[in-house]
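The values are calculated or read from the model by the stated rules, or taken from the named source; none is laboratory data. Note that the structure is predicted; figures quoted are calculated from it, not measured. Every residue, glycine among them, receives a Cβ derived from its backbone with ideal geometry; neighbour counts consider all protein chains shown. Only protein heavy atoms, including side chains, enter the accessible area calculation; ligands, DNA and RNA are left aside. Shrake-Rupley method; radii C 1.70, N 1.55, O 1.52, S 1.80 Å.
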Amino acid sequence: MENIFAPLKVLFRIEDLKKRLIFTAIIIAVFRFVAHIPTPGINLAALRELFGSSAFLSLLDVFSGGTLTNFSVMALGLNPYINASIIIQMLTMVLPKLEELQKEGDYGRQKINQYTRLLTLPLSFLQAIALIMLLARQGLTTTADPLKLAAIVFTLSAGTSFLIWLGEQLNDYGLGNGISMIIFVGIVSRLPVTGAQLFSTIDSSQYITYAIFALFSLAAIYAIVRTGEAVRQVPIQSARRGANSFTATVSNHLPLRLNQAGVIPIIFAVSFMLIPSLLSRVLSGVNQPALATFASNLSIALAPETFLYNAIYFLLVVAFCYFYTAVIFNPEKIAKDLRTSGSFIPGVRPGQDTVEYLNFVLNRITLVGASFLGLVAIFPSIVSGLTGVTSIAIGGTGLLIVVSVVLEILKAINSQSYMHNYDKFLD
């Protein structure tokens, strides 16, 4: 913890890091400029009023960096790309060819990324069409011409493709983690606006309440950092031939992260929790009184501030955390690799016993990590209930993304500084 910001000291000393930092700043400036270019054919005043009246839509606007209320050409954001990534990762479990590609190193990753980008295109069109249909039903479109509506769909899809391209440029020439960086910038860019709105409503009698809220936020940041860095070290021993033909035992460890899935389970859960809200908005405009009543009851029962909404949200995050961990972590493969390399876990037989032991350890630590993710997801509701602060500038998910990306950037800078120091020794 005390050395976590140490990489910043060498940021401006290494020429390559300075170039990457400048390039990252340029890409971010381009992203924020394009994010303010509005898509034609949308009633922006009515759209902003709609977002201002819904806490859930306001949260989505924070994630998009304000592109939804402006309805810019990037209004879809990276959602189609994220959904495509999730679908491809799930397909690797059922398609042997994709599973083989995943094991082929850099070439396999490049091919999977290519498939992900190709799948993003149809998903962008589908999501753009669904979004335009929803806005048209709400009376937020200023045109009914099919050609103009089709132009809006193509514009939104092109905006998502441009965002993906910016993220890839950050991966190649910037500080890395391009997609995460884009999401991070989108969230952080909304903080000044939401913070100004929050402080403009502060009453002198609420200073203590907001001080308590600030302490909760600092505690949440500390917990996210500690949990993100936490690992369970499984001891490993290997037999190595030493000097004079003696066999020496080398001790090492297998690090298992407490949170193997990152923020993906929360993104899954948000997508599912968005369905009732969208369904209630669609059904509220129909002429059938029964469906309209059902939509009204559904929106009330699953409002973001209700206990039922937060309970379902928490359970979905936990369930998806277990699911995604099972997708990305393969105990059978690790046990096979350990056996092939002549390594073993002390007190555990190689083979199936090693698989069962790894599953046992993984299930225990995943329960802790998944529960923490669930608490982070419903953090805004908990804090609102305890402090009475309802206009939270950034939710728990946004806070988790911001802290995680900052940690990843610091690690990338640190690795670059280590490489620079090694190069000096080689010279």
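To keep it simple, each residue is scored yes or no on (1) modelled with pLDDT of 75 or more; (2) open to solvent by less than 20 Å² (accessible area, probe 1.4 Å); (3) part of a helix (DSSP H, G or I).
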{"site": "58", "(1), (2), (3)": "no, no, yes"}
{"site": "74", "(1), (2), (3)": "yes, yes, no"}
{"site": "81", "(1), (2), (3)": "yes, no, yes"}
{"site": "84", "(1), (2), (3)": "yes, yes, yes"}
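Taking the stretch 332-372 as the search range and keeping residues that are surrounded by 15 or more Cβ atoms within 10 Å (Cβ to Cβ) and aromatic (Phe, Trp, Tyr), which one is farthest from residue 102 (Cα to Cα)? Here the answer is 372. Yes or no: the stretch 324-331 includes at least one residue that is within 24 Å of residue 380 (Cβ to Cβ), in contact (Cβ under 8 Å) with a residue 12 or more places away in the chain and either among the polar types (S, T, N, Q) or open to solvent by less than 30 Å² (accessible area, probe 1.4 Å) (or both). Checked against the condition, which is being within 24 Å of residue 380 (Cβ to Cβ), in contact (Cβ under 8 Å) with a residue 12 or more places away in the chain and either among the polar types (S, T, N, Q) or open to solvent by less than 30 Å² (accessible area, probe 1.4 Å) (or both), the stretch 324-331 yields at least one hit. The set of residues from the stretch 32-56 being part of a loop (DSSP other than H, G, I, E, B) and either modelled with pLDDT of 70 or more or open to solvent by less than 30 Å² (accessible area, probe 1.4 Å) (or both) comprises 35, 36, 37, 39, 40, 41, 43, 54.
Would you call residue 156 open to solvent by 30 Å² or more (accessible area, probe 1.4 Å) and either basic (Lys, Arg) or at pLDDT 80 or above (or both)? No, not satisfied.
Beta carbons closer than 6 Å, at least 6 apart along the sequence or on distinct chains, never pair a first residue in the stretch 17-38 that is among the small types (Gly, Ala, Ser) with a second that is open to solvent by 50 Å² or more (accessible area, probe 1.4 Å).
Does at least one position in the stretch 139-152 carry a residue that is in contact with a Phe, Trp or Tyr (Cβ under 6 Å, 6 or more places away or on another chain) and open to solvent by less than 10 Å² (accessible area, probe 1.4 Å)? Looking through the stretch 139-152, none of the residues is in contact with a Phe, Trp or Tyr (Cβ under 6 Å, 6 or more places away or on another chain) and open to solvent by less than 10 Å² (accessible area, probe 1.4 Å). Scanning the stretch 116-138 for residues that are touching a residue at least 60 places away in the same chain (Cβ under 8 Å) and open to solvent by 60 Å² or more (accessible area, probe 1.4 Å), we see that the one that is farthest from residue 44 (Cα to Cα) is 137. Annotation: residue 318 fulfils all but one of (1) open to solvent by 50 Å² or more (accessible area, probe 1.4 Å); (2) modelled with pLDDT of 75 or more; (3) part of a helix (DSSP H, G or I); the unmet one is (1). Of all residues in the stretch 324-337, those being within 16 Å of the chain's Cα centre (by Cα) and not polar (S, T, N, Q) number 2.
Among the candidates 113, 177, the residue that is within 24 Å of residue 87 (Cα to Cα), modelled with pLDDT under 80 and surrounded by 13 or more Cβ atoms within 10 Å (Cβ to Cβ) is uniquely 177.
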